[in-house]
Amino acid sequence: MKDGIHIDGVRVTLGGRRVLDDVSLQVDAGARVAIVGASGVGKTTLLRAIAGLAPIDAGQITIDGRAVSRLPPHQRRLGMVFQEPRLLPHLSALDNVALPLRTRRMSRAARRRAAWNVLERVGVSHRATGRPRELSGGEQQRVALARALVHDPTVLILDEPLSAVDAQLRGELQQLILSIQRDLDMTMLLVTHDRNEASTLGASTAVMVDGRIVQHAPHTELALRPATPDVARLIGSGFMLEAGCKLQVVLGLAPDRIHWVPAPALTESNSPEPETSTNHIAVSGRVARLRLGAGGWIASIELSGAAAELAVTHGSLTVNDELDVLIDRTLIIEFEAGSR
């Protein structure tokens, strides 16, 4: 029975350093989850722990209802694709893909037939006899994907598998991975530094900070309701403002929800109506440039850590003018200053 991946309170120590600290995560059967975080926070270690390549100190890992924490990698019914293809240079593409089947009671002919079928599925059966040095980077990664799939895993884990390929090929491989995952109804866990890739390959994203998962949610929820300032920074929710004892995350600068007044803001002569001023915050800015758009003049405003564009009337602003941008408070989330 497929039950996905359940990680409960997992801890991993490497070289005397706690790399994973009480990590818990649930990935439902057939779900696609991307893991993002800064370098060194434990993303790859988490995948290696799930695969059985990194021993855990505490906690439990369950795959499809089976406790696998003490099982060797080949008994976990998962496939793993690494950042580098890691193909054996002396073997053909076909034999590289057939390699995981040696632990099964299959004839060599049956292993090679199964390897051919999956090479055909990923679009490189015509390169079956080629050695790794004879294959392009994209072809090598397709062979690595085929090797991960050849033994019919229920779970596929990918550690930045597309980071070394060019943008056009990356898009093709993303669609291939999605197609295979959907066709086989596999549970998929992906590590990536690319937010766009996370939203393409993952239906939800788990954010890691300092060896812990601090939030796991659909992409839109992460962007609009980040649990911590670190989540907001990693997801690119908006920009940060220091406001006394508060840290404010401005989620966006939609043109219909921001306004401007000349600096200094909110003087008696230019103050907005009371209900408007209480519903906005003022952020100091400077006019960086003016351009003529389809609907009139557009001012590009430099703010603290961000930029905004405003529709303005001709002659109302000039380059280098200082002003205050009034931002709708519903676009702002507040945290305690110094929080992460």
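The values are calculated or read from the model by the stated rules, or taken from the named source; none is laboratory data. Owing to the predicted nature of the structure, the values given are computational and were not obtained by experimental measurement. Here the Cβ is made from the backbone with ideal geometry for all residues, glycine too, and neighbour counts use every protein chain on show. For the accessible areas, the whole protein counts, side chains as well, though only heavy atoms, and no ligand, DNA or RNA atoms are used. Shrake-Rupley method; radii C 1.70, N 1.55, O 1.52, S 1.80 Å.
In whole percent, and with a 1.4 Å probe on the protein chains, what portion of the accessible area of the chain is carbon and sulfur?
49 percent
Run lengths n ≥ 4 of DSSP H only: what is the helix-derived mean residue ellipticity at 222 nm for the chain, with -39500 (n - 2.57) per run over all residues, to the nearest 500?
-7000 deg cm²/dmol
Compute the Cα gyration tensor for the stretch 27-172, then decide on rounded, prolate or oblate, letting a ≥ b ≥ c be the square roots of its eigenvalues: rounded whenever a/c is under 1.5, prolate when a/b is larger than b/c in the other cases, and oblate in all that remain.
Oblate.
If 178, 169, 53 are ordered by their accessible area, calculated over protein heavy atoms with a 1.4 Å probe, which sequence runs from highest to lowest?
So the residues, ranked largest to smallest area, are 53, 169, 178.
What number do you get for the chain when its Cα radius of gyration is normalised by 2.2 N^0.38 Å, N = residues?
1.27
Rounded, prolate or oblate for the stretch 89-194? Axes are the square roots of the Cα gyration tensor eigenvalues, ordered a ≥ b ≥ c, and the cut-off for rounded is a/c under 1.5.
Oblate is the answer for the stretch 89-194, as a/c is 1.5 or above yet b/c matches or exceeds a/b.
So how far apart, in nm, are the two label points at residue 314 and residue 300 if each is 7 Å from Cα heading toward Cβ?
For residue 314 paired with residue 300, the spin-label model returns 2.2 nm.
Classify the stretch 175-231 as rounded, prolate or oblate, taking a ≥ b ≥ c as the square roots of the eigenvalues of its Cα gyration tensor: rounded when a/c is under 1.5, otherwise prolate if a/b is larger than b/c and oblate if not.
prolate
Counting only heavy atoms of the protein chains, get the accessible area per residue of the chain (1.4 Å probe) and round it to a whole Å² value.
49 Å²
Based on DSSP, what percent of beta bridges with both residues in the chain are antiparallel, to the nearest 5?
75 percent
Subtracting the Cα-Cα distance from 0.36 nm times the residue separation, let me have the gained length for residue 62 to residue 193 in nm, one decimal.
Taking residue 62 through residue 193 to full extension adds about 44.6 nm, to one decimal.
Are there trypsin sites (Lys or Arg not before Pro) in the stretch 1-77 that DSSP puts in a loop and that have at most 12 other Cβ atoms within 10 Å, and which ones?
70
In Å and whole numbers, how far do the C-alpha atoms of the stretch 73-146 stretch along each principal axis, longest first?
The Cα atoms of the stretch 73-146 stretch 32, 26, 23 Å along their principal axes.
Please name which of 71, 295, 179 has its Cα lying farthest along the dipole of the chain towards the positive end, using unit charges on Cβ (Lys, Arg +1; Asp, Glu -1) and the Cα centre as origin.
Checking the options against the dipole of the chain, the answer is 71.
Relative contact order, percent, of the stretch 119-203 when contacts are C-alpha pairs under 8 Å separated by at least 6 residues?
Relative CO of the stretch 119-203 lands at 28 percent.
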